[in-house]
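First comes the structure, then the notes that go with it.
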């Protein structure tokens, strides 16, 4: 996969990636130091969301080029789509490897990619204005598969489940944030449970407990 883009556009995306990583660290700092729900935390969260949304908008065109050829006939399409997006970010980041963008490990990058994908899926499921772009990306068949899975297994829409995962991440509670990261990596990025347990540094038994907890919380939203 070859991606050739103007240097200025590349720098714009990389700089915004650095900014959203800085804002994410600021949210985490505030969550540790000030009471949950205070205005400072909510403002920092909003700034981070705006940075991520702007980044996604910038990425529509280069991602469309990077993902040409993706079709509904592919097996494990959601996982392959995630791999393509991951590879796109990796190649982009390697062009400025000396600078810190908040990704200390490949797993950190994986989590960031999953967050980008989460926003894409929700945009497709909820926004008619962006639906055409997502159809061009191949988002539609992947989102449809995930929507069907969540409706059948948890009796909840996929976009609503993603909202729940985001709320867990923003809660400031260690256990809920761990739950959010595990569910994000599996249900959005398609990562295998065994890999997730190793990367999060938890036992398979603990991960199974988290999976059961997530299912109960998804169903309780009815």
Residue hits (segment 178-210; over 17 Å from residue 113 (Cα atoms) and surrounded by fewer than 18 Cβ atoms within 10 Å (Cβ to Cβ)) are 193, 194, 198, 201, 202, 203, 204, 205, 206, 208, 209
Any chance residue 189 is over 19 Å from residue 45 (Cβ atoms), in contact with a helix residue (DSSP H, G or I) (Cβ under 9 Å, 6 or more places away or on another chain) and not in a helix (DSSP H, G or I):
yes
Only one of (1) in contact with a helix residue (DSSP H, G or I) (Cβ under 8 Å, 6 or more places away or on another chain); (2) modelled with pLDDT of 80 or more is not met by residue 12, so which one is it?
(2)
Residue hits (segment 198-222; touching a residue at least 12 places away in the same chain (Cβ under 8 Å) and either touching a helix residue (DSSP H, G or I) at 6+ places or on another chain (Cβ under 6 Å) or more than 16 Å from residue 166 (Cβ to Cβ) (or both)) are 199, 200, 202, 207, 210, 211, 213, 214, 215, 218, 219, 222
What single numbered condition from (1) part of a loop (DSSP other than H, G, I, E, B); (2) modelled with pLDDT of 95 or more fails to hold for residue 172?
(2)
Only one of these is in a helix (DSSP H, G or I) and at pLDDT 95 or above: 179, 184, 162. Name it.
179
Of 95, 110, the only residue that is within 24 Å of residue 202 (Cα to Cα), part of a helix (DSSP H, G or I) and modelled with pLDDT under 90 is 110
Breaking point among (1) surrounded by fewer than 16 Cβ atoms within 10 Å (Cβ to Cβ); (2) modelled with pLDDT of 90 or more, for residue 214
(1)
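The values are calculated or read from the model by the stated rules, or taken from the named source; none is laboratory data. Every value quoted in this text rests on a predicted model; they were computed, and no experiment measured them. Virtual Cβ from ideal backbone geometry, glycine too; neighbours counted across all protein chains shown.
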